[in-house]
Structures are given as structure tokens and as C-alpha cells.
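The values are calculated or read from the model by the stated rules, or taken from the named source; none is laboratory data. This is a predicted model, so every value here is computed, not measured. With ideal geometry, Cβ positions are generated from the backbone for all residues, glycine too; neighbour counts draw on all protein chains shown. Remember, those area values only see protein heavy atoms, side chains included, never the ligands or the DNA or RNA. Shrake-Rupley method; radii C 1.70, N 1.55, O 1.52, S 1.80 Å.
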Amino acid sequence: MRSGELRASNVTEVLRLTFVSHAMTDAMAAGRFPADESLNPTGRRQVEAGTELGLAEQVFCGPEIRTRQTAELLGLQAFIEPRLADLDCGEWRGDVLGRVLPADLAIWLTDPTRAPHGGESIVELIDRVAGWMDSLTTQRGRILAVTHPAVIRAATLVVLDAPPKSFWRLDVAPNSRTVMHFRGQVWTLRSSS
């Protein structure tokens, strides 16, 4: 076997999963809990100025408008995947951070098993994202997922086998890329930009 052939066969043994965080929205800029809002003009410019993503055999996105718009502006035809939906912030949806009772906010930020807003806990989000990632592990090639910072944080914790309490220690910028590989039986974090 020639070296070029060996390289080509090794590529097919890897699943490359690239997460793209949706671009800026008015809720992000104002410090509000997200609702199902559109990208703002800054977000549109972010996507238009973005870097080339390369080819992918499959493209997914969350069901929210902001993820679908980001995918469309990138020129992608994405399959909507409900498990890539944003963290459900329950009754806090659309509200500003400053109006949340300090005691409730403290619970939410320190106990990943609780959801004082009545929505989804961090642990529930991590489990949902881990289930979706597990469903991909029999595949090889390139998959692209346009989703939310919270989903990408959860995926990063899954890959690193990090505790859920680490969720808030990760910062995922709007319109950023996070690349993960699945090879053999192990996920690895490849890069983030």
C-alpha cells in the first residue's frame, strides 16, 4: 500500500464533528435569556465575514431561528435536530439577568442538577447532547452542527469527561467553531476558534 492510500484509509476511520455557534442576537447583546429570536445586524456581519467551513457529509442545526439563519447565511442546507436546541430557561426566557432573584441565580450557577426557572437543568442538557453525540459514533466522515453556546459547552464537557459544575467555566463566542474527533471509542477536542 502506498503512503497516499494509507492516509486516505485513516481519514475514513475518524468522525470529525464541527460545532458552529450561532452568531450574535439582540438578547445576547443585552444580557437577556434567549427566546426564539433572529440574528441582529452584527450577527449577520459576523457570519458574512466568517471563515470557510469545508465540506461536510451531514449538516444539522438547532430548531431556533438564530441557528437556522446562521446555517443559511453560511450557505448550508441543514437538517433540524431537536437535540441541538438551546438550553430551556423556562420562565426566564426573554428576561434580563438582573431581574432574576439572586438566590435563584445562585442555585442555577452552582447546582447543575437544578433548574429554578422551571426549564431544563444543566445536567439534563448535557445528557441530551451526549445522547445525540452517541448516536453519531457509528459514522465516519465530516458532520457540521450549527447550534448554541450552551450546547457546545455541554458537548465539550462530554468530550473531556468534565464534571457538570464546569459548565459555566467555558466561554463559547458567537460564530465560533469547535472541532471534535471520534476515533476508535474516544472523543477528543481538536480545536476551538
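In nm, what is the difference between 0.36 nm times the number of residues separating residue 80 and residue 166 and their Cα-Cα distance? Before the final figure, lay out the partial values.
On the way: separation 86, 0.36 × 86 = 30.96 nm, distance 2.79 nm.
Separation in residues times 0.36 nm, less the Cα-Cα distance, equals 28.2 nm.
Counting only DSSP beta bridges with both residues in the chain, what percent are antiparallel, rounded to the nearest 5?
Values: 15 of 28 bridges.
Among the beta bridges of the chain, antiparallel pairing accounts for roughly 55 percent.
When the charge dipole of the chain is built from unit charges on Cβ atoms (+1 for Lys and Arg, -1 for Asp and Glu) and taken about the Cα centre, the candidate among 107, 167, 90 whose Cα reaches farthest toward its positive end is 167. Rolling a 1.4 Å probe over the protein heavy atoms gives the range 53-193 an accessible area of 50 Å² per residue.
Taking the Cα centre as origin and putting +1 on Lys and Arg beta-carbons and -1 on Asp and Glu beta-carbons, what dipole magnitude results for the range 70-129, to the nearest 20 debye?
Result for the range 70-129 is approximately 80 debye, rounded to the nearest 20.
Rounding to the nearest 20 debye, state how big the charge dipole of the range 92-193 is about its Cα centre with +1 on each Lys and Arg Cβ and -1 on each Asp and Glu Cβ.
Values: 12 positive and 9 negative charges, 93 e Å.
Roughly 440 debye, rounded to the nearest 20.
If you build a Gaussian network model of the chain, linking Cα atoms that sit under 10 Å apart, which residue out of 52, 64, 13 swings the most? Result for the chain, Cα springs under 10 Å: 52 fluctuates most. For the range 54-145, the residue among 63, 145, 130 whose Cα projects farthest onto the positive side of the dipole built from Cβ charges is 145. Taken along the Cα-to-beta-carbon direction at a fixed 7 Å, the label points for residue 45 and residue 189 span 3.0 nm. Kindly express, to the nearest 10 degrees and within the range 0 to 90, the angle between helix 149-160's C-alpha long axis and the longest C-alpha principal axis of the chain. Long axis of 149-160 versus the principal axis of the chain: about 50 degrees.
Treat every Asp and Glu Cβ in the range 12-140 as -1 and every Lys and Arg Cβ as +1, leave all other atoms uncharged, and give the resulting dipole magnitude about the Cα centre to the nearest 20 debye. If you can, show how the numbers build up before the last one.
Numbers: 12 positive and 20 negative charges, 52 e Å.
Its charge dipole is roughly 240 debye.
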